[in-house]
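One structure below.
The values are calculated or read from the model by the stated rules, or taken from the named source; none is laboratory data. As the structure is a computational prediction, the values presented were derived from the model and not from experiment. Quick reminder, even Gly has a Cβ in these numbers, built from the backbone with ideal geometry, and neighbours come from all protein chains shown. When the accessible area is computed, the model is the full protein with side chains, heavy atoms only, and any ligands, DNA or RNA have been set aside. Shrake-Rupley method; radii C 1.70, N 1.55, O 1.52, S 1.80 Å.
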Amino acid sequence: MSDSPIPGFRNPEAFEVLPNARLNPTARDVFDILQARQEPCGLVKIRQADLAKRLDISQAAVSRAIGQLKDKGLLDGRHRQGSVLIHPLFAAYESLPHMLNHLSDPDTFVWPLNFPTGEIRPPRASDARTDTGFDPNPDPDGGEDAPAPETRPALRLAG
């Protein structure tokens, strides 16, 4: 663990929308470790090998997770090897005034997030019913009883 104090103030509103990013479990694990090891304002000096060892996974899996975090905008993709920068809205700060000063500083680059940040979480991407007009509670005939099914034909074995 680090000897330096971990910044204690985080933006709670940002973390409320984090589920909307739909991170896979490995990416969320990596993000949690990055959160725990960051310096004030979101800089994390860590190697992928250290993350892989900590999580007991391959470096390729860590690389994919970091790629997903960069794709979602949670990490800055412009940092050199051995360090990453957490998005300023998800970074930790020493205090609320420290965060406000950092975010209002013209030198602070606040890049866009690539996931919905509204109050309602969007449907899962794996839901086959998404954008199909599927109604989970259909009532096509106004609540009348459904017609009785016809008798099924007798089945016979082929051959």
Requested in this report: Give the carbon-plus-sulfur fraction of the accessible surface of segment 33-99 in %, rounded to a whole number; probe 1.4 Å, heavy atoms of protein chains only.
Outcome: 48
Query raised in the report: What ranking, highest mean first, results for peptides 9-15, 93-99 when packing means the other Cβ atoms within 10 Å averaged over each residue?
Result: 93-99, 9-15
Query raised in the report: Whose amide H sits under 5 Å from the amide H of A92, counting only residues 5 or more places off or on another chain, with H placed in the peptide plane?
Result: C41, G42
Query raised in the report: With θ set to phi - 60° and the Karplus curve 6.51 cos²θ - 1.76 cosθ + 1.60, what are the ³J(HN,Hα) couplings of segment 27-38 in order, to the nearest whole Hz, using x for Gly and Pro?
Result: 4, 5, 4, 4, 4, 4, 5, 4, 4, 6, 10, 7
Report task. Would you compute, for the Cα atoms of segment 27-123, the largest minus smallest coordinate along each principal axis and list the three values in descending order, in whole Å? Result -> 38, 34, 22
**Report entry** Which of D107, D32, D76 is most accessible, then next, and so on - probe 1.4 Å
**Finding:** D107, D32, D76
Report task. Mind checking the per residue accessible area of segment 1-115 for me, 1.4 Å probe, whole number of Å²? Result -> 57
